[in-house]
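Peer 1: Pasting a structure here, questions to come.
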Amino acid sequence: MISLSVLSRALHLKSFSGEARGATAVEFALIAPVLILLYLGLAELTMGMMVSRRVNHLSAAIGDLTAQSQNLTEANITDIFEIGDSIMQPFDTGDQLDIRLTSIEKDKNGKAIVLWSRGWSAYAKGAEVTDVDTSDVAIGQGLIITNVNYRYKSTIGNLLPGVTDFSKNYRHFPRDGAVVTGP
């Protein structure tokens, strides 16, 4: 025989199953975290794409400015490096931005020799550069090589810890002569 307490519980559950007043709140509570994560993920993707584009633009711009000159001084190179802070705005460039600017010349033996190099991990003057393709550079011809590296720290670091490196390397042929000389 069914006790009254069991019957009472069964009737109560039956009446609850027809109730719809809290359904919207429950659905929202289930879907809201997914939507919030989707929103934050898209915002982070957008920021990463912005950094990538700025790194590309910076590398191309400093290489192009250097290739327009025949001779650069230390002051000229310092000014060119300061462009990095402007192009990378609104992103912090403190210890996150590394720039290397190098002028090389292909010698009579077909080796790429450093005329000058400034910035992050600069090559030694007179050193041979082997990590750059110079097959299309004629003997006695120069080449400007720009290397830009940016370490992007996530704005939502608690959810996506770590650092993403964005790097871009460009090669520019000097416009006003065979080589760009420097300090």
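The values are calculated or read from the model by the stated rules, or taken from the named source; none is laboratory data. Keep in mind it's a predicted model, so treat the numbers as computed, not measured. Cβ: placed from backbone, ideal geometry, glycine included. Neighbour counts: every protein chain shown.
Peer 1: Without any contact (Cβ under 8 Å) to a residue 24 or more places away in the chain and exposed (fewer than 15 other Cβ atoms within 10 Å of the Cβ): does that describe G126?
Peer 2: Answer is yes for this residue.
Peer 1: Which numbered condition in (1) closer than 26 Å to R53 by Cα; (2) touching a residue at least 12 places away in the same chain (Cβ under 8 Å) is the only one that E82 fails?
Peer 2: Among (1) closer than 26 Å to R53 by Cα; (2) touching a residue at least 12 places away in the same chain (Cβ under 8 Å), E82 violates only (2).
Peer 1: Checking the conditions here, which among A124, A138, A178 is small (G, A, S), part of a loop (DSSP other than H, G, I, E, B) and modelled with pLDDT of 90 or more?
Peer 2: Going through A124, A138, A178 in turn, the sole match is A124.
Peer 1: Which numbered condition in (1) assigned to a helix (DSSP H, G or I); (2) modelled with pLDDT of 90 or more is the only one that T102 fails?
Peer 2: All conditions are met except number (1).
Peer 1: Identify, please: which residue in the stretch 45-90 is within 18 Å of the chain's Cα centre (by Cα), under 23 Å from L143 (Cβ atoms) and of a type in the set (G, A, S) and is, among those, surrounded by the fewest Cβ atoms within 10 Å (Cβ to Cβ)?
Peer 2: A60
Peer 1: I'd like the full set of residues that are out of contact with any Ser or Thr (no Cβ under 6 Å at 6 or more places or on another chain), closer than 27 Å to M49 by Cα and buried (at least 17 other Cβ atoms within 10 Å of the Cβ), limited to the stretch 101-123.
Peer 2: Once the filter is applied, which keeps residues that are out of contact with any Ser or Thr (no Cβ under 6 Å at 6 or more places or on another chain), closer than 27 Å to M49 by Cα and buried (at least 17 other Cβ atoms within 10 Å of the Cβ), the stretch 101-123 yields only G119.
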